[in-house]
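Read-outs: derived from the displayed coordinates by stated rules, not from any lab. Everything numeric here is computed off the predicted structure, so don't read it as measured data. Don't worry about glycine lacking a Cβ; one is built from the backbone with ideal geometry, like all the others, and counts go over all protein chains shown.
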Amino acid sequence: MHEDMIEKFFYGKLTPIRSFVYFTEEYREASKNSGELRKQLESSLNDKQIKLLEELIEANAVMSDEMVLGAFKDGFKIGMGLAVDGLRYDDDMEEK
C-alpha cells in the first residue's frame with residue numbers, strides 16, 4: 001500500500017542517505033583500490049605520518065559529505081521548482 005510521503009517523513013521513514021545506492025561496479029573497484037593503496041602507503045610511513053594521513057582522509061570525507069549534502073539540497077530545490085511549475089495554472093491550459 002502506498003504510504004503518504006509526509007507521513008513517512010514525520011515518522012522518520014524517509015531517510016535518503018540510507019537508501020543511497022552507490023555500490024556500482026566502478027564504486028566497488030575504486031573502494032578496493034583505495035584500501036590497497038592506503039595499506040601500501042601506511043606500511044611505508046612512521047606513526048606521525050600515519051596520523052597525518054588519517055587526518056587528511058577524514059578531512060576529505062567531511063568535504064565529500066558536504067558536497068553530497070549540497071547536491072542533495074540543490075536536487076531537492078530543483079524537484080520542488082518542477083513540482084510548483086507543474087501545478088501552476090497557466091493561461092495556455094485554458095480550453096479554447
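In region 52-74, whose amide N lies under 20 Å from the spot 7 Å out along Cα-to-Cβ of Leu37? List them in ranges.
52-68
Limiting things to C-alpha atoms, what are the Rg and the maximum Cα-Cα separation (Dmax) for region 27-74, in angstroms?
Expressed in Å, the Cα Rg and Dmax of region 27-74 come to 13.6, 42.
When a footprinting reagent is the concern and you count Cβ atoms within 10 Å, what order do Val84, Val68 take, fewest first? Present the calculation step by step, with values, prior to reporting the outcome.
Values: Val84 9, Val68 13.
The most exposed by this proxy come first: Val84, Val68.
Say the cut-off is 29 Å between C-alpha atoms; which of Lys13/Lys77; Lys8/Lys77; Lys8/Lys32 go over it? Write out the running numbers ahead of the final one.
Numbers: Lys13/Lys77 21 Å; Lys8/Lys77 19 Å; Lys8/Lys32 35 Å.
Going by Cα-Cα distance, Lys8/Lys32 fall outside the 29 Å limit.
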